[in-house]
Amino acid sequence: MDPNAREVDMIWLTAQVFLPLAVAALLLVVPGKFKELLRWIALFGCAATLACALCLWVDYYHRVLEFRSDRSVESMYHPDSRLDARVERQQANSARPVPGPFSSIDLVVVRPWISQFGVNYALGVDGLNLLMVILTALVTLLAVAASWKIDDRLKGYLVLFLTLESGVIGAFLSLDLFLFYVFYEVMLLPMYFLVGLWGGGRRKYAAIKFVLYTLAGSVGLLAAMIALYTVDARDFVDQGVVDKQARELMRRNRSLEWETARGLVTVNTFDIATLSKVGRAAMLVLSGQEDRLAVRNPGVEPTRPLPNAPMELFAPGVDRDAALARLKGSIVCNRNFQYLLFALLFVGFAVKVPIVPLHSWLPDAHVEAPTPVSMILAGVLLKLGGYGLIRIAFPLAPWAAAELAWWIGLVGVIGIVYGAFVAMGQTDFKKLLAYSSVSHMGYVILGLACWGSAANSQYWELGVNGAVYQMLAHGISASALFFVVGVVYDRAHHRDLDRLGGLTESMPVHTGLSAILFFASMGLPGLCGFVGEFKVMMAAWAFAPALSLAAILATVLTAAYLLWAWQRAYLGVNESTRTYPDVSPREFAVLVPFVLLAIALGLFPSVLVLSWVEPSLAGWIDDLAPLRP
């Protein structure tokens with residue numbers, strides 16, 4: 001076999017997605033009585049998944065970013081290293097009559113899956129989804145270590161846990177909308193059973209509520225996906241695809257002429273990169289800027305677009321006037337369609353964030369779920385909502401997103417303030433952290449909403465960077481704090497803050513570690529929670545000062561409820577908690593990585609994260625910001 005045709009990155013990406021599922025299959029053949037063996041197999045499987053993600057990070061940094069970056073500038077951004085550019089190159093290669101060898105260094109794989117409907121097995125890596133994959137692998141590994149005391153139906157528990165991890169990673173890496181939806185739905189059943197079978201007293205109610213809310217959002221995503229599939233994208237794909245379909249039409253009907261056959265071709269696709277180009281072209285038409293639409297010149301190296309400059313969205317070889325006429329006659333250029341499409345996508349992902357008032361499933365799920373499942377829920381699953389907004393909702397319906405930007409920001413601010421106020425009134429430790437998650441994830445919505453004019457796009461880029469960093473920081477601090485609560489619950493067998501107190505005396509090590517994590521969640525400078533919130537507030541101030549002011553004032557509420565919770569749990573004297581043992585070596589091993597990351601991400605955000613995530617977000621901004629005059 002030709003080494004160039006092996007496409008090594010396909011093997012790596014596939015292994016990254018399905019390695020946890022393979023480990024789950026291995027667990028099924030191990031007898032259930034060997035519980036310690038089951039635990040160690042699951043733990044090593046999660047460790048291997050994390051190692052694979054870190055190898056992908058090294059590969060991405062050196063083969064994609066560093067290989068094409070200009071060393072004379074600070075940013076590693078280059079238009080040719082963008083994910084959509086790498087996807088287009090592979091699609092153009094596949095569309096040739098005789099495809100050339102597949103590249104093993106572009107970290108993109110596109111293979112036909114259900115050819116009849118244009119569904120591809122498409123996976124790819126950029127800074128945004130790779131960050132989420134590493135976070136998923138890390139939190140899952142530590143959550144499995146936190147599951148060591150779970151003994152009831154252990155095999156089923158670990159199999160569901162690993163299946164959930166595969167679903168999440170697959171959703172993050174998917175570049176095909178249909179494939180994304182499959183992985184997105186795969187997560188539903190494992191989470192339902194993990195809460196419904198291993199949860200607390202009201203576990204069935206919480207599990208059903210989680211499923212109903214998630215299914216409601218999924219129905220919206222399915223409707224949006226079907227609507228997008230009906231759009232003709234023939235002028236945005238490599239024309240080799242059109243020629244191939246035209247030849248097939250001529251084979252079926254020999255009386256057709258070549259031009260007639262080409263005119264009859266309709267290209268329907270689930271490819272996210274292609275649908276994004278359709279969405280951007282529709283926005284230019286709807287905003288009266290259709291004269292900026294241009295045909296891409298394949299012989300010219302791509303550059304960063306300037307405000308009001310031509311945007312080369314049509315594929316090479318397309319007749320611009322004919323393509324524009326087809327676009328303007330398409331339903332995608334209908335304002336009501338754009339509003340409906342964005343509403344379906346936004347609500348579908350906002351349920352996962354969650355936003356107010358679609359949040360009520362979250363406190364119930366957190367309270368009833370076992371501690372490791374709460375860690376996954378807070379640290380990983382909520383991030384899928386924010387990721388979906390960035391990867392799918394905004395790029396596929398940018399006109400409606402731009403028109404509704406202020407209202408989206410208001411939704412974020414409502415979540416920030418509401419979550420903080422409700423958290424302050426809680427006495428259940430877990431429920432307080434659940435409402436804290438609603439508040440913190442509101443910053444993600446606010447950062448994404450700061451879409452101003454093209455001339456001020458640097459502020460939106462600041463907000464989007466802040467939103468992504470906030471997802472990472474919240475994933476670290478929230479997962480850790482739910483484990484902190486779980487450690488206390490294992491000793492007290494309740495989560496009532498009013499009945500705790502005095503833990504400083506009996507659990508000094510646990511107290512010190514938890515203090516750092518509480519301060520990180522509070523947004524103290526020098527810890528992970530500060531960076532993202534600060535960037536979002538700066539962007540919001542340039543976009544809408546009133547929204548920024550509300551978010552800034554909410555930080556006082558955040559400090560108040562977190563400090564009050566820590567005071568009630570750890571300070572004072574309480575005879576009933578005096579005999580509690582301090583953290584065990586296993587609990588210490590779970591908490592220390594979270595604490596070290598909370599400190600490191602606060603002190604070195606650029607070196608550790610932003611330097612290799614920023615290029616992907618800069619490309620995202622380059623796609624969307626110039627669309628708004």
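Within segment 494-529, restricting attention to residues that are part of a loop (DSSP other than H, G, I, E, B) and under 32 Å from the mean Cα position of the chain (by Cα), which residue is nearest to Val484 (Cα to Cα)?
Just the residues of segment 494-529 that are part of a loop (DSSP other than H, G, I, E, B), to begin with: 494-495, 500-502, 507, 523-527.
Narrowing further to those that are under 32 Å from the mean Cα position of the chain (by Cα): 495, 523-527.
On the way: Arg495: 11, Gly523: 18, Leu524: 19, Pro525: 22, Gly526: 21, Leu527: 18 Å.
Filtering segment 494-529 for residues that are part of a loop (DSSP other than H, G, I, E, B) and under 32 Å from the mean Cα position of the chain (by Cα), the one nearest to Val484 (Cα to Cα) comes out as Arg495.
Looking at segment 599-608, which of its residues are surrounded by fewer than 19 Cβ atoms within 10 Å (Cβ to Cβ) and among the hydrophobic types (A, V, I, L, M, F, W, C)? Please lay out each step first, then the result.
Pass one, segment 599-608, residues surrounded by fewer than 19 Cβ atoms within 10 Å (Cβ to Cβ): 599-600, 603-604, 606-608.
Those that are surrounded by fewer than 19 Cβ atoms within 10 Å (Cβ to Cβ) and among the hydrophobic types (A, V, I, L, M, F, W, C): Ile599, Ala600, Leu603, Phe604, Val607, Leu608.
Would you list the helices (runs of 4 or more DSSP H) that sit entirely within segment 307-383 and hold 1 or more residues that are open to solvent by 20 Å² or more (accessible area, probe 1.4 Å) and among the hydroxyl-bearing types (Ser, Thr, Tyr)?
Working: elements: 320-328, 335-350, 361-368, 371-376.
Filter on segment 307-383 gives 335-350, 371-376.
So is Gly385 over 28 Å from Leu138 (Cα atoms) and free of Cβ contacts under 8 Å to residues at least 60 places away in the same chain or not?
Values: over 28 Å from Leu138 (Cα atoms): no; free of Cβ contacts under 8 Å to residues at least 60 places away in the same chain: yes.
So Gly385 does not fit the description; no.
Regarding Asp235, is this residue of a type in the set (Asp, Glu) and part of a loop (DSSP other than H, G, I, E, B)? Working first, answer last.
Details: of a type in the set (Asp, Glu): yes; part of a loop (DSSP other than H, G, I, E, B): yes.
Against the criterion (of a type in the set (Asp, Glu) and part of a loop (DSSP other than H, G, I, E, B)), Asp235 qualifies.
Part of a helix (DSSP H, G or I) and modelled with pLDDT of 85 or more, is that true of Thr260? Before the answer, list the steps.
Working: part of a helix (DSSP H, G or I): yes; modelled with pLDDT of 85 or more: yes.
Answer is yes for this residue.
Criterion first (at pLDDT 85 or above, closer than 16 Å to Leu131 by Cα and surrounded by fewer than 13 Cβ atoms within 10 Å (Cβ to Cβ)) does Val29 satisfy it? Steps first, please.
Numbers: at pLDDT 85 or above: yes; closer than 16 Å to Leu131 by Cα: no; surrounded by fewer than 13 Cβ atoms within 10 Å (Cβ to Cβ): yes.
Answer is no for this residue.
Results for (1) farther than 30 Å from Leu130 by Cβ; (2) open to solvent by 10 Å² or more (accessible area, probe 1.4 Å), shown as yes or no for each residue.
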residue	(1), (2)
Gln470	no, no
Ile476	no, no
Phe482	no, no
Arg491	yes, yes
His494	yes, yes
Gly526	no, yes
Ala550	yes, yes
Ala565	yes, no
Val573	yes, yes
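May I ask you to list the residues in segment 146-167 that are of a type in the set (A, V, I, L, M, F, W, C) and surrounded by fewer than 24 Cβ atoms within 10 Å (Cβ to Cβ)? Let's see the steps before the verdict.
At the first step, the residues of segment 146-167 found to be of a type in the set (A, V, I, L, M, F, W, C) are 146, 148, 150, 154, 158-162, 164.
Trp148, Ile150, Leu154, Val159, Leu160 - these are the residues of segment 146-167 that are of a type in the set (A, V, I, L, M, F, W, C) and surrounded by fewer than 24 Cβ atoms within 10 Å (Cβ to Cβ).
Considering each residue of segment 282-306, count those that are surrounded by fewer than 13 Cβ atoms within 10 Å (Cβ to Cβ) and at pLDDT 90 or above, and give that number.
2
Anything in segment 42-63 that is at pLDDT below 95 and either over 21 Å from the mean Cα position of the chain (by Cα) or outside any helix (DSSP H, G or I) (or both)? List them, or say none.
Passing the criteria: His62, Arg63.
From the set of residues in segment 168-209 that are open to solvent by 60 Å² or more (accessible area, probe 1.4 Å) and among the hydroxyl-bearing types (Ser, Thr, Tyr), which is farthest from Ala122 (Cα to Cα)?
Tyr205
Residue under question is Thr579, and the condition is that it be closer than 26 Å to Val380 by Cα, modelled with pLDDT under 95 and either in contact with a helix residue (DSSP H, G or I) (Cβ under 7 Å, 6 or more places away or on another chain) or open to solvent by 10 Å² or more (accessible area, probe 1.4 Å) (or both); does it hold?
On the way: closer than 26 Å to Val380 by Cα: no; modelled with pLDDT under 95: yes; either in contact with a helix residue (DSSP H, G or I) (Cβ under 7 Å, 6 or more places away or on another chain) or open to solvent by 10 Å² or more (accessible area, probe 1.4 Å) (or both): yes.
In short, no.
Can you confirm whether Ile226 is open to solvent by 30 Å² or more (accessible area, probe 1.4 Å), modelled with pLDDT of 90 or more and out of contact with any helix residue (DSSP H, G or I) (no Cβ under 8 Å at 6 or more places or on another chain)? Steps first, answer last, please.
Values: open to solvent by 30 Å² or more (accessible area, probe 1.4 Å): yes; modelled with pLDDT of 90 or more: yes; out of contact with any helix residue (DSSP H, G or I) (no Cβ under 8 Å at 6 or more places or on another chain): yes.
Against the criterion (open to solvent by 30 Å² or more (accessible area, probe 1.4 Å), modelled with pLDDT of 90 or more and out of contact with any helix residue (DSSP H, G or I) (no Cβ under 8 Å at 6 or more places or on another chain)), Ile226 qualifies.
Conditions tested, residue by residue: (1) open to solvent by 10 Å² or more (accessible area, probe 1.4 Å); (2) closer than 30 Å to Val422 by Cα; (3) among the β-branched types (Val, Ile, Thr).
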| residue | (1), (2), (3) |
| --- | --- |
| Phe530 | yes, yes, no |
| Val590 | no, yes, yes |
| Leu610 | yes, no, no |
| Asp623 | yes, no, no |
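Looking at segment 180-203, I want the residues that are without any contact (Cβ under 8 Å) to a residue 40 or more places away in the chain and of a type in the set (Gly, Ala, Ser) and have a partner that is in a helix (DSSP H, G or I) and surrounded by 17 or more Cβ atoms within 10 Å (Cβ to Cβ) with Cβ atoms under 8 Å, at least 6 apart or on another chain. Which pairs are those?
Gly196/Arg203; Gly196/Ala206; Gly196/Ala207
Output the qualifying pairs, or none if there are none: Cβ atoms under 6 angstrom, residues six or more apart or on different chains, first residue in segment 448-474 and at positive phi, second residue not in a loop (DSSP other than H, G, I, E, B).
No pair meets every condition.
Taking Gly486, is it over 18 Å from Pro585 (Cα atoms), assigned to a helix (DSSP H, G or I) and of a type outside the set (Val, Ile, Thr)? Can you show your working first?
On the way: over 18 Å from Pro585 (Cα atoms): no; assigned to a helix (DSSP H, G or I): yes; of a type outside the set (Val, Ile, Thr): yes.
So Gly486 fails the test.
Scan Leu571, Leu608 and give me the residue that is out of contact with any Lys or Arg (no Cβ under 6 Å at 6 or more places or on another chain) and free of Cβ contacts under 8 Å to residues at least 40 places away in the same chain.
On the way: Leu571 fails: free of Cβ contacts under 8 Å to residues at least 40 places away in the same chain.
Unique residue meeting the criteria: Leu608.
All but one of (1) over 19 Å from Gln426 (Cα atoms); (2) modelled with pLDDT of 90 or more; (3) assigned to a helix (DSSP H, G or I); (4) touching a helix residue (DSSP H, G or I) at 6+ places or on another chain (Cβ under 8 Å) hold for Ala546; state the number of the condition that does not hold.
(4)
Being within 30 Å of Trp198 (Cβ to Cβ), in a helix (DSSP H, G or I), open to solvent by 10 Å² or more (accessible area, probe 1.4 Å) and touching an Asp or Glu at 6+ places or on another chain (Cβ under 7 Å): is that true of Val422 here?
Numbers: within 30 Å of Trp198 (Cβ to Cβ): yes; in a helix (DSSP H, G or I): yes; open to solvent by 10 Å² or more (accessible area, probe 1.4 Å): yes; touching an Asp or Glu at 6+ places or on another chain (Cβ under 7 Å): no.
Taking the combined requirement at face value, the residue does not satisfy it.
The values are calculated or read from the model by the stated rules, or taken from the named source; none is laboratory data. Quantities reported herein were computed from a predicted structural model and do not represent experimental measurements. With ideal geometry, Cβ positions are generated from the backbone for all residues, glycine too; neighbour counts draw on all protein chains shown. Remember, those area values only see protein heavy atoms, side chains included, never the ligands or the DNA or RNA. Shrake-Rupley method; radii C 1.70, N 1.55, O 1.52, S 1.80 Å.
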